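*Asks:* This is the structure I have questions about; it appears just below.
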Amino acid sequence: ECTDLTAELASVKDAASKSASAEVASASLSDRIQQLESQVKSVSAEKTDLEAKLKSTNDTLIAGEERISALLREKNKLQEDLFETLHKVESAAKESHGFKTERDLARQQYLDTESKLQALSNNTREKIDLLTTRVTELSTLTTTQASQITTLNESLALSNSEITTLKGSAAGASQAKDKLKAMTASVESLKQQLQEAKTDADAKAEAGAERIKKLKQLLAKVNAALQEKDSRLNQLQSANDRAKKFNIVSRIGIVPPQNPSAEELQWCLIYEHRATSSAKPSAASVGDEEGAPQYRWIEARVAHKWMAEGSTLVGAWPQPVQETWAAELSAVRTRLEAERDELSVKFEEVSSQFQAYKVRAQTALKRIGNEDRNERQKVQEAENAEIEKLRGVVQDLREREGDFNATIAEKDRLISHNEVQMASLRGEIEALQNNLADGAEALQSSERRIATLQKEIETLHEDNSAMKEQYEAADRNNRERRMQQLRQEEEAALRAATTSSASKSSINEVSSLAIAPIASEVHDGANPDLSSNRAASPLLAEGSTTDHNQRLAQTAQQRGISRDASFSTQNSVVSPRGRPLAVEAALFTDASDPATDNKLLLFQQADNMLRDSIAILRQENSQLMVEINELKNDFGLREDQVQALKATVRELESSLCREKEFNAENRRINADYLVNILRNFLMSTEPSERAKLVPVLCQILH
């Protein structure tokens, strides 16, 4: 209408300009122009008003659509929240049941641990009592052993005194020393056992205390977890409690998704009024599940039940969300249906245009020349040839992949076999190390035995030297005593022979002949001046050797000793001067003195025993040295074996590492990458794309 009025105004102005001569017509036309201008202004004002109203209606329509979508989203969200709350309630019930069972189990475990701790404490106390009694017994035993040691020391002192008095009984002293060593060893072992028992008792007591401490900590943790679960259970149970005063914020009807044909369920969002809560209800507190909830979703039947039980409803029942927004939803549906019809019409037009374009494209494709077709056919044939080649390459790659998998399986078997060999070699190494430890212990024991034998040899040498010194002193005293007796006899014989000078001279000759050989035997190389002063007399030179021998035999018969026995050296003890002890004993000992003969026999037996024991000890020492050398050789061989086994283990470990590197994931990734590239190459139709993939394939295959 506005455009029509503007066109009429323009035509009128043209007519007025043309007929300027007609004043009457101009006046009427000017009035008409003013009327038309006023009408144009009013129409334009109406137009602006209508545009504003249209814009406002469009804005309200958009706002309503947005509101509807927001309500739909809120509805969906409320449904999701409702189902989540139901699921949470069910899970909370299950968790509460599980918490109860866990609490019962924890309490039972606590009672079991307390009983175990009580039994353990009782056992430790009994063991401590037993150990204390054992310690007291061992202490009493050590005191008795100490008393026995003192008695043995006294007996040893007595035996030493007997040895000094009797110059014998070396065997008894060695036995006493052995007994003393055995007793000291037993005392040391008892002390060691006592110390070990004490350490074991202390270690067990410490272990029991640590275990009790750990159990207490575990009990505290269990109690804390139980308290936390109880509080959580109480909180979840409080979510289902009846509200005394509440108001219904909104109400919604939901069809269960499990059964779409079922009746619609009415759910209500309530706000519970509590005495302790002073904060105003807000939408942010709806999803708060940490503390006690004030907003809750319940069924309408539950709300009616609460009201029947005495709960007060603040306000009225609101309408469901579907009913409040029903008009807007219907308007939106109608508008959407109109838009759908318009779009269907546009789609039909576009589809008809596309069909026409398709027909034109087919006609244009038919006009393509034979050259292009032949060229494409050649390109297609070349591509087919390349595809056949690539198929052959793919087949080869699959065969190689099968071979590769076979080699991987073989390597895996070899790896498992190598691991078994490594385990066996480790066992052999451990056995060899144990054998080495045993050999080292045997070597140490043999060395200790050698040291003890050497100490015994040294003690025997010292005893032998002491006995030799004692024997030399006794021998010296016996010689001096016999010399004095001989001189006294000689002087008596000289005083008795006073009858004649001839008889006196003969007696002197006989006495000098008897004394000279005895003195020369007694002082063999000891006093050269005495032997030179006592030279043979002229009567001895003139006499015969038979007379001399007869005189010696007469003197030996007077003393009761035969000549052969006196000068025999077989099975006799040799004196420090080189003569047999039996000869000197026969020369300087009376036949009527049995104590001296017994002493000489004891000395001889002791000397023979010492020599035999020294020879035995030397033989044992040589055997031990041979065993030590053999053990050292065995140690060397075992060390070589251990080094060889270690080298083999290192080789096996290196081969295992190489196999693991060979079987790494990178090779499989490369194979997958190659397969993907080949698939892309076969699926692509453009030669340029295939030309791009060819160098990649060549590089991977290389």
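*Asks:* Looking at Leu194, Leu218 in this structure, which one is closer than 30 Å to Thr101 by Cβ and part of a helix (DSSP H, G or I)?
*Replies:* Within the list Leu194, Leu218, the selection yields Leu218.
*Asks:* Based on what the data block shows, is Thr57 at pLDDT 75 or above, at negative phi and surrounded by fewer than 14 Cβ atoms within 10 Å (Cβ to Cβ)?
*Replies:* Taking the combined requirement at face value, the residue does not satisfy it.
*Asks:* Here are some residues: Glu419, Glu430, Glu472, Glu410. Which one is in contact with a Pro (Cβ under 6 Å, 6 or more places away or on another chain) and modelled with pLDDT of 75 or more?
*Replies:* Every option except Glu472 fails the conditions.
*Asks:* Please go through the stretch 221-238 and give me each residue that is of a type in the set (Gly, Ala, Ser) and either in contact with a Ser or Thr (Cβ under 9 Å, 6 or more places away or on another chain) or closer than 16 Å to Thr101 by Cβ (or both), ordered by number.
*Replies:* Across the stretch 221-238, the qualifying residue is only Ala225.
*Asks:* Of Gln217, Gln235, which residue is surrounded by 14 or more Cβ atoms within 10 Å (Cβ to Cβ) and either free of Cβ contacts under 8 Å to residues at least 60 places away in the same chain or among the small types (Gly, Ala, Ser) (or both)?
*Replies:* From the options Gln217, Gln235, the qualifying one is Gln235.
*Asks:* Another one. Are any residues in the stretch 269-296 at pLDDT below 85 and not in a loop (DSSP other than H, G, I, E, B), and if so, which ones?
*Replies:* Glu272, Ala283, Ala284, Ser285, Tyr295, Arg296
*Asks:* Is it the case that some residue within the stretch 475-482 is touching a residue at least 60 places away in the same chain (Cβ under 8 Å) and closer than 30 Å to Ile616 by Cβ?
*Replies:* Checking the stretch 475-482: at least one residue is touching a residue at least 60 places away in the same chain (Cβ under 8 Å) and closer than 30 Å to Ile616 by Cβ.
*Asks:* Could you list all residues from the stretch 193-240 that are basic (Lys, Arg) and farther than 30 Å from Asp129 by Cα?
*Replies:* Correct list: Lys221, Lys229, Arg232.
*Asks:* Does Glu23 count as at pLDDT below 70, loosely packed, with under 13 Cβ neighbours inside 10 Å and not assigned by TED's automatic domain parsing to the domain that holds Arg296?
*Replies:* yes
*Asks:* Hey, another quick one. Within the stretch 679-701, work out how many residues are among the basic types (Lys, Arg) and under 52 Å from the mean Cα position of the chain (by Cα).
*Replies:* So the answer is 1.
*Asks:* What pairs come up if the first residue lies in the stretch 679-702 and is under 14 Å from Ile387 (Cβ atoms), the second is of a type outside the set (A, V, I, L, M, F, W, C) and not in a helix (DSSP H, G or I), and their beta carbons are under 6 Å apart, counting only those six or more places apart or on different chains?
*Replies:* Partner pairs satisfying both residue conditions: Arg690/Ser684.
*Asks:* Within the stretch 372-403, how many residues are closer than 17 Å to Val694 by Cβ and among the charged types (D, E, K, R)?
*Replies:* Residues that pass the stated criteria total 6.
*Asks:* Okay, moving on. Considering only residues that are surrounded by fewer than 10 Cβ atoms within 10 Å (Cβ to Cβ) and part of a helix (DSSP H, G or I), which ones fall in the stretch 363-395?
*Replies:* Thr363, Ala364, Leu365, Lys366, Asn370, Glu371, Asp372
*Asks:* A further question follows. Among the listed residues Asn666, Asn621, Asn633, Asn670, identify the single one that is at pLDDT 80 or above, in a helix (DSSP H, G or I) and not charged (D, E, K, R).
*Replies:* Of Asn666, Asn621, Asn633, Asn670, the one residue that is at pLDDT 80 or above, in a helix (DSSP H, G or I) and not charged (D, E, K, R) is Asn633.
*Asks:* From the list Val187, Val249, which one is over 36 Å from the mean Cα position of the chain (by Cα), assigned by TED's automatic domain parsing to the domain that holds Thr144, of a type in the set (A, V, I, L, M, F, W, C) and surrounded by 11 or more Cβ atoms within 10 Å (Cβ to Cβ)?
*Replies:* Exactly one residue qualifies, and that residue is Val187.
*Asks:* Against the definition (under 30 Å from Asp112 (Cβ atoms), touching a helix residue (DSSP H, G or I) at 6+ places or on another chain (Cβ under 6 Å) and of a type outside the set (Ser, Thr, Tyr)), how does Ala220 come out, yes or no?
*Replies:* Answer is no for this residue.
The values are calculated or read from the model by the stated rules, or taken from the named source; none is laboratory data. From a predicted model like this one, the values you see are computed outputs, not experimental measurements. A quick note on method: Cβ atoms are made from the backbone with ideal geometry, for glycine too, and the neighbour counts reach across all protein chains shown.
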